[in-house]
1. How many of the residues in region 251-272 are touching a strand residue (DSSP E or B) at 6+ places or on another chain (Cβ under 8 Å) and not in a loop (DSSP other than H, G, I, E, B)?
2. Which residue, of Gly166, Gly186, Gly162, Gly239, is surrounded by 16 or more Cβ atoms within 10 Å (Cβ to Cβ) and without any contact (Cβ under 8 Å) to a residue 40 or more places away in the chain?
3. Need the failing condition index for Asn226 against (1) of a type outside the set (A, V, I, L, M, F, W, C); (2) more than 20 Å from Gln45 (Cβ to Cβ); (3) part of a helix (DSSP H, G or I), just the number.
4. Taking region 192-203 as the region of interest, how many residues are in contact with a Leu (Cβ under 7 Å, 6 or more places away or on another chain) and buried (at least 24 other Cβ atoms within 10 Å of the Cβ)?
5. Tell me which residues, restricted to region 103-156, are open to solvent by 70 Å² or more (accessible area, probe 1.4 Å), at pLDDT 95 or above and not in a helix (DSSP H, G or I).
6. State which residue pairs qualify: first residue within 17 Å of Ala35 (Cα to Cα) and inside region 245-269, second residue open to solvent by 10 Å² or more (accessible area, probe 1.4 Å) and not in a loop (DSSP other than H, G, I, E, B) in any location, beta carbons under 7 Å apart, and separation of 6 or more residues or different chains.
7. Which one of the conditions (1) closer than 30 Å to Lys142 by Cα; (2) at pLDDT 95 or above; (3) out of contact with any strand residue (DSSP E or B) (no Cβ under 9 Å at 6 or more places or on another chain) does Ile77 fail to meet, given that it meets all the rest?
8. Is region 279-286 home to any residue that is open to solvent by 10 Å² or more (accessible area, probe 1.4 Å), modelled with pLDDT under 95, part of a loop (DSSP other than H, G, I, E, B) and in contact with a helix residue (DSSP H, G or I) (Cβ under 6 Å, 6 or more places away or on another chain)?
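The values are calculated or read from the model by the stated rules, or taken from the named source; none is laboratory data. It should be emphasised that the depicted structure is a prediction, and the values quoted were computed from it without experimental measurement. All Cβ positions, glycine included, derive from the backbone under ideal geometry; neighbour counts span all protein chains shown. When the accessible area is computed, the model is the full protein with side chains, heavy atoms only, and any ligands, DNA or RNA have been set aside. Shrake-Rupley method; radii C 1.70, N 1.55, O 1.52, S 1.80 Å.
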Amino acid sequence: AARSWGASKGVPIIRRLGACSWSLKCKSPVDLARALGEVGVSCVQLALEPLRSGAWPIEETTTSLRRANIKIASGMIGTKGEDYSTLQSIRETGGGRSDAHWLWNLTMAEESAAIAKKIGVKLVTFHAGFLPERKGDSLRRKMLGRIAQIADRFAAQGVKLGLETGQETADTLLEVLKELAHPNVGVNFDPANMILYDMGDPVAALDTLAPHVVQVHIKDALLTENPGTWGSEVVVGTGDVDWPGFFDVVREHGLACNFMIEREAGESRVADMISARTLVGPLIEKLK
């Protein structure tokens, strides 16, 4: 089987189970450290916008997490102007697609890359936006050019960039990666997004994209019964993701990356993320 981006011959494979900071909706770094402790994880994917905007002072954030023995494993950025109210609205506004916000988003990416370097983060992920399926499409060329510019900003700081899955099929994303041919760009694989956007079976998609995967989101969903509308995000283990099959693919490809629990729905985030950790933790342990 193909070796993943993170797999290196002769180097021990470390697969950490962590959580996404934004899922916990915390108001301060201290609250985040406490919530991560309740979830029972020792690493985090950290949203960088609160640090970039100054809402969370960088030193206070890193100190709070370090005191709680929480490692910042990766970062996340979101682009300006995204509208998730419908599938059509996010198709038109997601990621780097918006001309109106492009210069702001590029500046944000450059500043976030500098912050990532400062706090010792080697990977940052984001949604690039819906990538057109047809090669040669003018919008596709424009979006690939913008992804390359963002990737260059992160590469200059020694930080890898991960494109989150789900807004296109695995085959389309694989073609885009080949066309982009940027050594600093990989994939943040989210199995639930494949279901939420109705873009294919997540296990088969992971098999297709595994050599490019730099991180995995642990999230689950149910497929919509009405094509053209959202699926439903649910607690991990209660949706359509075949988790044993998913981790069989992880094993087959020797996938070496971290796994970040994400929860974007519901009012019991900590409890739901504990459920995810309880289910997925043993599956990760079996890989060792």
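1. Residues flagged as touching a strand residue (DSSP E or B) at 6+ places or on another chain (Cβ under 8 Å) and not in a loop (DSSP other than H, G, I, E, B) within region 251-272 amount to 4.
2. Residue meeting the stated conditions: Gly166.
3. If we test Asn226 against (1) of a type outside the set (A, V, I, L, M, F, W, C); (2) more than 20 Å from Gln45 (Cβ to Cβ); (3) part of a helix (DSSP H, G or I), just (3) comes out false.
4. 1
5. Lys122, Ala156
6. Close Cβ pairs (under 7 Å, with a partner that is open to solvent by 10 Å² or more (accessible area, probe 1.4 Å) and not in a loop (DSSP other than H, G, I, E, B)) amount to Ile261/Arg277; Arg263/Arg269; Arg263/Asp272; Glu264/Glu233; Ala265/Glu233; Gly266/Asp272; Arg269/Leu24.
7. Every listed condition holds for Ile77 apart from (3).
8. Taking every residue of region 279-286 in turn, none turns out to be open to solvent by 10 Å² or more (accessible area, probe 1.4 Å), modelled with pLDDT under 95, part of a loop (DSSP other than H, G, I, E, B) and in contact with a helix residue (DSSP H, G or I) (Cβ under 6 Å, 6 or more places away or on another chain).
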